[in-house]
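The values are calculated or read from the model by the stated rules, or taken from the named source; none is laboratory data. Note that the coordinates shown come from a computational prediction; the quantities given were computed from them, not determined experimentally. Please note: Cβ atoms are built from the backbone with ideal geometry, for glycine as well, and neighbour counts cover all protein chains shown. All accessible areas refer to the heavy atoms of the entire protein, side chains included, with ligands and DNA or RNA removed. Shrake-Rupley method; radii C 1.70, N 1.55, O 1.52, S 1.80 Å.
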Amino acid sequence: MPSFRFHGTFRTNQMPSYFALVFSITLVGVGLAVTRPYLSLYLTNQIHTSPVELGAFMCTNGIGGIIASTWLGKKSDTGTPKKFIILLSCLAAGCGYACFLFMHNYIQLLIFTTFLLGMGAAAFPQLFAYARESAIASSTSHPARTIASLRAFFSFAWVVGPLFGAWGLSLLGYNGLFMSTSLIYFLIFGVALLSLQRRQHTQIPKIETSTLWKNLQRREIFYSSIAFVFASTASSVNGMYMPLFVTRTIGAQEHVVGWVFSLSAGLEIPIMIGLSAVSEKIEKRKILLFGIICGILYYTGVIFTDAAWQMLILQVFCAIFIAIISSTGMSYFQDFMPESAGSATTLFSNTNNIGSVAGSLLGGTIAQTLGFRAVYESNIGLALFAFFLLYLAKKRQPLKHSETNMAIHPSQSQHESVIFRQDK
């Protein structure tokens, strides 16, 4: 029998606040899955935005999220408790989605949602940064295993979220969707307030936390970051234009789009659970390279697809690609900066945000001028660039956290209280 056992994958439930994190991260996923697929329809049909205004709205909101989450990620690594940042982000997100209930002017929505939802974008990376710190502080937990299991719950939210969104839209309309999402974030605020512990860094003599820009000067981090931007751009383009490809290019009915989304998200869950064990045996960069190969196979297959059943089969490759990039990718970045979990997770999250912004601009231009199959041809190019850059990243194992602690305090390498302390 292999050295890792099935129950070992789930030993993370012994970690303090694990179930609170599961609940919070699942709700974040549900909130996004309920609203985001219908946001462009709302802006077009209810606010009457033009295609240019819609693109500007999405792009500006994405940039706001990048700036706010980067700033808050830095604050979380320089003394501000992650619990406080999570509370602030959830409160801002709840208010941001509530703006859609009361504001129906494009400029007002653009200003307020860019600020509030930008602040709210930090909730996702900070929850995972908090999870990593908690896993490190707990002798019963493994950071990569914890991240993979929590990311699986986020994927599960995307299995059920779109279905709830469609049901809510038919019963309550757009106001019901935005009210539900706002209440979800306020609920996460309450769970975090009551269940998460207030943990922050202590001052360690002669050890200086590296800045994000200083870390980006490291070859492996810089190349990996650019590679993930390319991979995220391709994934974002697929998410935005796959529904149109399915309905307009291969002529499938609209409900097939829901099947495709749900099947892909459902397949990601067991893949992520398996990755939590495999990542302890195989170098993460090699796993990521394999994931990108699966992405290339998926995009290539879509180009030659002419039936809905073929699209459904290809979701196996799509699910492997997304599961590896999102789950192993997050742990990969955190391993590079073990002393700055907040900045590391935010850097990973921002590669997704930048990819979303780039994808919204690139995909629309290509689809309008060359067609939807050309969109997937461009995705192959993006994935190949991502593979090449990740291959060029320095071939070395990121420094393990236990080794970092031993280098700092050899006599206390087994006591994570050197790095973290509990504030009551």
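Per-structure values
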read-out	value
Label-point gap, in nm, between Thr78 and Thr300 - each point 7 angstrom along Cα→Cβ	4.6 nm
Leu216 versus Arg36: modelled label distance in nm, points set 7 Å from Cα along the beta carbon direction	2.2 nm
For the stretch 370-377, Karplus couplings with θ = phi - 60° (6.51, -1.76, 1.60), whole Hz, Gly/Pro x	10, x, 6, 5, 5, 4, 6, 5
Whole-Å distance, taken between Cα centres, linking the stretch 85-137 and the stretch 295-345	25 Å
Length gained when the stretch Leu361-Ala374 is fully extended (0.36 nm per residue, less Cα-Cα span)	3.2 nm
Relative packing of 170-177, 156-163, 20-27, which averages over residues the other C-beta atoms within 10 Å, highest first	20-27, 156-163, 170-177
Between the stretch 214-238 and the stretch 143-176, the Cα center-to-center distance that results, in Å	26 Å
Highest to lowest packing among 88-94, 123-129, 381-387, scored as the average C-beta count within 10 Å	123-129, 88-94, 381-387
Residues with amide H under 5 Å from that of Thr49, placed H, sequence gap 5 or more	Thr44
Nearest-0.05 FRET efficiency for Leu392 and Asn105, computed from C-beta distance (R0 35 Å)	0.15
Glu283 accessible area, assembled protein chains, probe 1.4 Å, Å²	40 Å²
Per-pair calculated FRET efficiency, R0 = 41 Å: Val278 and Leu194 via Cβ, rounded to 0.05	0.70
Theoretical gain in end-to-end length, Ser50 to Leu171 [0.36 nm per residue, Cα-Cα removed]	40.9 nm
Calculated FRET efficiency for the pair Gln310/Phe164, C-beta based, R₀ 22 Å, to 0.05	0.20
Solvent-accessible surface (1.4 angstrom probe) belonging to Ile293, in square angstrom, nearest 10	70 Å²
Highest-first arrangement of 246-252, 149-155, 186-192, where packing means the average Cβ count within 10 Å	149-155, 186-192, 246-252
